[in-house]
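Undergrad: There's a structure below that I have some questions on.
Please treat every number below as a calculation from the coordinates, not as lab data. Fair warning: this is a prediction, and the values are worked out from it, not measured in the lab. Note: ideal-geometry Cβ built from the backbone for every residue, glycine included; neighbour counts use all protein chains shown.
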Amino acid sequence: MIAPSVLSADFGHLERDMEMVNRSSADWFHLDVMDGVFVPNISFGFPVMQAMARVAQKPLDVHLMIVQPEKFISQVRDLGARVMNVHQEACPHLHRVLQQIRQAGMLSGVTLNPATPLQTVEDVLQEADIVMLMSVNPGFGGQTFIERTLDRTRRLREMIDRQGASTLIEIDGGVNRHNAATLYQAGADILVAGNAVFKADDPLAEIDIIKGLHPA
Ligand code: DX5
Ligand code: ZN
């Protein structure tokens, strides 16, 4: 699956860019919320996401790069989001937060920064519908993919399979046509792609290529 990250869209033409994704083979819209505290940047918040939700004809995957994300579970649910992704590093009570996200009717996602050991989610895999590995340090689009993520993806796949869990693996940051196939082979289920999609000459074709529908 592929989830284009709207962070790399043209915010002056957000509706146009989101309609392109509606027409594409993409699976979800990935929405990056930043608070200037958990990450060194600020993106957009609920008023903008409400406008996005009206245009989106595909499920919303909301990635909260904020402190205390548990405060916003009902607001994310009210957007109609399919997925709420919170950072492990922002949640001392991760087990409870993942349960609350599910109770609100959404898929529960936990995200790990590149420096965070996989073992920190080993005991919540039964509560996590998705584990998302950051393949860049969060805060900005258009950064270079951190190669070690491939090995982390393989090890996470093994950990999930060993427990017989059905957790999906999502990868976020620096994904493009050159690393997508290897990431799927390593065990990834969902690839987020911002710059690779929105800065492409032909974004619709690029989505197909990253999704593996066409050879690059
Ligand atoms: C980074 C965000 C990513 C970002 C990905 O902080 O979480 O979702 O938009 O953008 P690219 O694909 O350009 O690295
Ligand atoms: Zn993201």
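Undergrad: Tell me which residues, restricted to the range 111-131, are assigned to a loop (DSSP other than H, G, I, E, B), closer than 18 Å to Leu150 by Cβ and touching a helix residue (DSSP H, G or I) at 6+ places or on another chain (Cβ under 8 Å).
TA: Matches in the range 111-131: Asn113, Pro114, Thr116.
Undergrad: Identify the residue in the range 180-216 that is part of a loop (DSSP other than H, G, I, E, B) and out of contact with any helix residue (DSSP H, G or I) (no Cβ under 8 Å at 6 or more places or on another chain) and, among all such residues, is farthest from ligand 1 (Cβ to nearest atom).
TA: From the range 180-216, those part of a loop (DSSP other than H, G, I, E, B) are 187-189, 194, 199-202, 212-216; that's our starting set.
If we keep only those that are out of contact with any helix residue (DSSP H, G or I) (no Cβ under 8 Å at 6 or more places or on another chain) too, we end up with 189, 201-202, 213.
On the way: Asp189: 16, Asp201: 16, Asp202: 17, Leu213: 19 Å.
My answer is Leu213.
Undergrad: Specify which of the listed residues (Asp189, Asp172) is within 14 Å of ligand 2 (Cβ to nearest atom) and either farther than 17 Å from Pro117 by Cα or out of contact with any Gly (no Cβ under 8 Å at 6 or more places or on another chain) (or both).
TA: Answer to the selection: Asp172.
Residue by residue, here is whether (1) closer than 28 Å to Ala200 by Cβ; (2) surrounded by fewer than 18 Cβ atoms within 10 Å (Cβ to Cβ) holds:
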position: Ser108; (1), (2): no, no
position: Asp151; (1), (2): yes, yes
position: Arg162; (1), (2): no, yes
position: Ile171; (1), (2): yes, no
position: Ala180; (1), (2): yes, no
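Undergrad: Sticking with this one: Being over 17 Å from the mean Cα position of the chain (by Cα), surrounded by 15 or more Cβ atoms within 10 Å (Cβ to Cβ) and not in a loop (DSSP other than H, G, I, E, B) narrows it down to one of Asp17, Asp78, so name that one. So that I can check it myself, show each step before the final result.
TA: Working: Asp78 fails: surrounded by 15 or more Cβ atoms within 10 Å (Cβ to Cβ).
After ruling out the rest, the residue left standing is Asp17.
Undergrad: Any residue at all in the range 194-213 that is closer than 18 Å to Thr116 by Cβ and either out of contact with any strand residue (DSSP E or B) (no Cβ under 7 Å at 6 or more places or on another chain) or of a type in the set (Gly, Ala, Ser) (or both)?
TA: Checked against the condition, which is being closer than 18 Å to Thr116 by Cβ and either out of contact with any strand residue (DSSP E or B) (no Cβ under 7 Å at 6 or more places or on another chain) or of a type in the set (Gly, Ala, Ser) (or both), the range 194-213 yields no hits at all.
Undergrad: Contact list please: Cβ distance under 6 Å, first residue in the range 179-205 and over 19 Å from Thr149 (Cβ atoms) and in contact (Cβ under 8 Å) with a residue 60 or more places away in the chain, second residue surrounded by 15 or more Cβ atoms within 10 Å (Cβ to Cβ) and among the hydroxyl-bearing types (Ser, Thr, Tyr), pairs at least six apart or on different chains.
TA: Once the first residue is over 19 Å from Thr149 (Cβ atoms) and in contact (Cβ under 8 Å) with a residue 60 or more places away in the chain and sits in the range 179-205, its partners that are surrounded by 15 or more Cβ atoms within 10 Å (Cβ to Cβ) and among the hydroxyl-bearing types (Ser, Thr, Tyr) give Phe198/Ser8; Leu204/Ser24.
Undergrad: Looking at the range 40-65, which of its residues are in a loop (DSSP other than H, G, I, E, B) and closer than 21 Å to Lys199 by Cβ?
TA: We begin by selecting, within the range 40-65, every residue in a loop (DSSP other than H, G, I, E, B); these are 40-41, 43-45, 56-59.
Hits for the range 40-65 are Asn41, Ser43, Phe44, Ala56, Lys58.
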